[in-house]
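To start, the structure under review is shown below, and the notes come after it.
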Amino acid sequence: MNYYNLKDKKETADFRTATIRGQGKDKGLFFPEHIPQFAPEWIESLHERSNEEIAFRCMEDFVGNEIPPDLLRTIVSETLSFEIPLKKISESIYSLELFHGPTLAFKDVGAGFMSRCLSYFLKDQDRTVTVLVATSGDTGGAVAHGFYRIPGIHVVILYPKNKVSKVQEKQLTTLGENITPLEVNGSFDDCQNLVKQAFADREISSGLFLTSANSINPARWLPQQIYYLLALKQWRATEQDLPVICVPSGNLGNICAGLLAYKRGLPAEHFIAACNANDSISRYLKTRQMVPHATEATLSNAMDVGNPSNFVRISELFNNRFEKLKDILSGYTVDDETTLRTIRKIYAEHDYLLDPHSAVAYAALEEYLAERPGKKGFILGTAHPVKFPEAIEKAIHTGTAIPESLKSLMDKEKKSLEIQPDFTELKRFLLNKINR
């Protein structure tokens with residue numbers, strides 16, 4: 001499998017090269033040259049197959065010969081070392097709980113897979129690789145955990161000051177050693193733009209062996225397909241009709257992975273991109289115009305993205321044909337007041353606690369299903385509610401128990417460097433690393 005640069009289709013790379021480089025020239029994202037299909041009979045037999053077997057089949061075409069099959073099986077097995085249950089909340093809505101991994105967020109899957117692939121690809125390198133990543137909340141912790149203490153790899157994480165939760169900040173700022181957090185006095189879009197500028201800068205790229213771990217990296221984006229298949233496997237154990245799948249959406253990597261799985265043969269009734277006030281994709285689906293806008297801070301901070309990078313991949317999946325995309329994808333916008341009301345309502349009525357991102361998805365799916373009696377679906381439960389104590393306290397007027405895995409973390413000292421959203425400042429920091 002080769003990948004082409006969406007900004008210059010003449011530039012191609014194999015999986016190894018695309019993973020190491022992260023993106024193509026001119027900040028272009030890599031996209032698979034063809035979309036491998038699932039055999040219908042294989043989809044029908046998911047209930048007979050282990051999660052590891054499903055994950056291996058999902059990824060083998062994209063990896064090709066770049067990783068030996070036995071090692072790829074080990075990678076997907078280690079990536080799926082925690083449960084991913086589909087739990088029923090109400091009569092018509094389920095939640096795919098993606099928050100049982102080491103950092104309690106869905107990004108543990110993509111970050112876990114990518115870190116293992118990159119570690120294999122770089123095992124014979126004689127110089128340090130710098131993983132440069134921007135985070136709106138959960139990516140940072142997942143990437144930090146995935147690459148922590150891996151020899152030959154240094155991780156630099158940019159995150160927006162005062163715009164991530166305390167738990168999220170602790171997860172990405174307390175490890176030390178080969179993890180360096182940079183606290184940017186700006187928004188996530190500022191962080192993301194700084195990362196893209198660094199990759200495009202010739203002086204930095206000539207001196208640093210640089211790669212990315214955001215969903216712009218195909219090795220982070222592609223494995224997110226896996227849990228859509230695991231959800232379908234569980235869905236069919238109790239439901240007959242196709243599910244409506246609702247995804248909390250920010251940078252659009254997660255829903256793009258679901259749409260990719262759909263294009264490969266994953267059965268689904270419809271997809272919903274559930275947005276907070278940062279609703280570029282919702283507005284696009286109404287107006288045909290993708291207009292980036294300044295990021296607005298919300299309770300669901302990991303979705304606070306005004307200029308989503310993965311939109312170009314979604315468009316490419318549907319050959320840039322708006323009507324084809326519109327047939328399968330809807331967008332909904334959910335404000336903070338509705339988010340809190342949804343958390344409160346579902347906790348009171350179903351004894352189920354949603355985090356703010358999952359609450360956005362639940363509200364959007366509930367609205368969609370209300371107009372289509374008899375349909376059912378599931379949301380992607382993307383983060384554990386304990387990561388957002390302020391929002392939970394505001395919604396239900398009580399806290400939630402901190403898991404044992406987080407208790408020691410909260411007592412650790414934060415270690416970060418504050419910078420302005422100015423590329424010259426980031427460049428100076430990175431070039432100083434080269435000269436150390």
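The values are calculated or read from the model by the stated rules, or taken from the named source; none is laboratory data. Computed from a prediction, not measured in an experiment: that's the story for all the values here. Reconstructed Cβ throughout: ideal geometry from the backbone, glycine too, with neighbour counts over all protein chains shown. Surface accessibility is based on the protein's heavy atoms, side chains included, excluding ligands, DNA and RNA. Shrake-Rupley method; radii C 1.70, N 1.55, O 1.52, S 1.80 Å.
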Between Ala401 and Ala294, Cβ-based FRET efficiency (R0 56 Å, step 0.05) works out to 0.95
Carbon and sulfur atoms account, in whole percent of the 1.4 Å probe accessible area of region 272-314, for 53 percent
With all protein chains in place and a 1.4 Å probe, Ile346 shows an accessible area in Å² (nearest 10) of 0 Å²
Beyond 18 Å (Cα-Cα) in this structure, taken from Lys166/Lys407; Lys166/Lys387; Lys7/Lys196; Lys87/Lys326; Lys87/Lys263, we find Lys87/Lys326; Lys87/Lys263
Given the candidates His34, Val360, Met410, the one whose Cα lies deepest towards the positive end of the charge dipole of the chain, counting +1 at each Lys or Arg C-beta and -1 at each Asp or Glu C-beta, is His34
Per GNM of the chain with C-alpha springs under 10 angstrom, the most fluctuating residue out of Gln234, Gln289, Gln37 is Gln289
For the chain, dividing by residue count, accessible area per residue (probe 1.4 Å) in Å² works out to 39 Å²
For region 119-266, the dipole about the Cα centre with charges only on Cβ (Lys and Arg +1, Asp and Glu -1), to the nearest 20 debye, works out at 280 debye
The farthest towards the positive end of the charge dipole of region 317-436, of the residues His397, Gln420, Thr339, given +1 on Cβ of Lys and Arg and -1 on Cβ of Asp and Glu, is Gln420
Mean-square fluctuation maximum in Gaussian network of the chain, Cα pairs under 10 Å, restricted to Glu404, Glu83, Glu48, hits Glu404
Stretched fully, the stretch from Glu33 through Lys7 gains (0.36 nm per residue minus C-alpha distance, one decimal, in nm) 8.0 nm
The rounded separation in angstrom of the Cα centers of region 330-385 and region 67-81 is 34 Å
Given unit charges at Cβ for Lys, Arg (+) and Asp, Glu (-), the dipole magnitude of region 121-193 about its Cα centre in debye, nearest 20, is 160 debye
Out of Thr211, Asn185, Ser165 - ranked by how far each Cα lies towards the positive end of the dipole of region 157-254, with unit charges on the beta-carbon of charged residues - the top one is Ser165
Using a 1.4 Å probe on heavy atoms of the protein chains only, the accessible area for Arg21 in Å², nearest 10, reads 90 Å²
With +1 at each Lys and Arg Cβ and -1 at each Asp and Glu Cβ, the charge dipole magnitude of the chain around its Cα centre, to the nearest 20 debye, comes out at 780 debye
Straight-line reach check, Lys427, cutoff 12 Å on alpha carbons, 8 or more apart in-chain or any other chain, hits among aspartates and glutamates -> Asp201, Glu203
For Asn162, placing the label point 7 angstrom along Cα-to-beta-carbon and taking region 284-308, residues whose amide nitrogen sits under 20 Å are 294-306
